[in-house]
Structure formats: C-alpha cells, structure tokens
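One structure below.
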Amino acid sequence: MFIAHIPSGYIYAVSILKKIKNTTIPAHLIFLSAVSGAILPDLDLIYFYLIDHRQTHHHKYITHWPLLWISLAVISYALYACSSQKKLGFLSFIACTSCILHMILDTVVGDIWWFFPFIDQPFALFTVTALYKPWWLNFILHWSFALELVICSLAICIYIKRTKNN
C-alpha cells in the first residue's frame, strides 16, 4: 500500500465512533490514535533508507511484525479492562488494531511475515511483477492500486458526509 493507510485509519476511526456513541474520550483522540496506528509501521522506512541502506526488506523489521501488534493489542485491552487507565488502554488498543489493519492491507501485494519471528515465511495474496522502472511504477500500474483508490474515495465520501452533518 502506498496511499491508503491514512484513509483506512480514518475509516476505522469513523466506524469506532459509530459503534460507541457515548464515550468520554474526545473524537479527535480516537481519530489521532487510529490514523497514527495506520501509518506507525511504516516509520521503519526512515531506518530502511537512512541506516540500513535498503539491505533488508522493511517488512521484516519489528514494526511490521503482526505478532508484535497483536500482543500489544492484547496488553492494551487488558489495560483497558483491568485498570483505572481506561482511556489510555482504549486509545492504545485502537492504535494497535490500526497497525494490524496496516498489516492486512500490506498483505494484499506486499510480503508480510505473519508468524515472524517463529516462522521466516512471507505471505502476500498477490504478486506484483517487476516490469517498470522506477520500482514504484509496478505498484501504481498494478490492479491493486485501484483498491487503494477505492479506500481513498470511500474515506473522502465519509468525510464529506460527516462534515455536511455537522
């Protein structure tokens, strides 16, 4: 995914707000948590380009380990359910599950090591064939980019509808 992570986080936040109409947590914090989580795994690109010099597939870094985000989501939920820090637990749960959404979206055409570090096997639903240079054209000209455009369009439609209703 190139452009749909932030819009997917926005859509996720809106869906959460629809489910929990009465909450003491401000909506902007729910949006911030979901959108931040949606892009958080890709912060590894800083390391990938500036330090690692593209030697290791950035989806192998710890920020792209689904088991990390699943574990942190469980811990966040436990914090929410069992402590007085309900707001922190809830917002961190949203961020972690948004990171998991990131992994799901990346799995469409990007290798994700779903069981790493236990099993060193990448999974992707579809493969993008390298036909063009620069490399990113292969992804933008692949049919899967239409899925990204659908997600972005849906987010824009939801945003327009929400702003008209407010």
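Pairing the Cα long axis of helix 27-39 with the longest principal axis of the chain, what angle in degrees results, from 0 to 90 and rounded to the nearest 10?
20 degrees
Grab the Cα-Cα distance for Cys157 and Gln55, subtract it from 0.36 nm times how many residues apart they are, and report the gain in nm with one decimal.
In short, 32.8 nm is gained.
With equal scatterers on the alpha carbons only and no solvent term, can you work out the Debye log10 of I(q)/I(0) for the chain at 0.10, 0.11, 0.15, 0.20 1/Å?
Relative scattering, expressed as log10 I(q)/I(0), comes to -0.42, -0.51, -0.90, -1.35.
I want to verify a result. In a Gaussian network model of the chain, Cα cutoff 10 Å, which of these has the top mean-square fluctuation: Ile112, Ile20, Ile140?
With Cα springs under 10 Å in the chain, the top fluctuation among Ile112, Ile20, Ile140 is at Ile20.
Tell me which of Thr97, Trp136, Phe126 sits at the most positive position along the dipole axis of region 80-166, charges placed on C-beta atoms (Lys, Arg +1; Asp, Glu -1).
About the Cα centre, the residue reaching furthest to the positive side is Thr97.
Which of Gln85, Gln121, Gln55 ends up with the largest GNM mean-square fluctuation for the chain, with Cα atoms connected below 10 Å?
Gln55
Compare Asp106, Asp120, Asp44 in a GNM of the chain, Cα atoms joined below 10 Å, and give the one with the largest fluctuation.
Between Asp106, Asp120, Asp44, it is Asp120 that shows the largest mean-square fluctuation.
With +1 on the Cβ of every Lys and Arg and -1 on the Cβ of every Asp and Glu, and nothing else charged, how large is the dipole of region 5-165 about its Cα centre, in debye rounded to the nearest 20? Don't skip to the end; give the middle numbers.
Values: 11 positive and 7 negative charges, 173 e Å.
Here region 5-165 has a charge dipole of around 840 debye.
Please work out how many pairs of lysine residues in the chain are eight or more positions apart (or on different chains) and have Cα atoms closer than 27 angstrom.
For the chain, qualifying lysine pairs total 13.
All of the numbers you see were taken from the coordinates with simple rules; none came from a lab. Small disclaimer: the values here were computed from a predicted structure and weren't measured. Glycine gets a Cβ as well: all are built from the backbone with ideal geometry, and neighbour counts include every protein chain shown.
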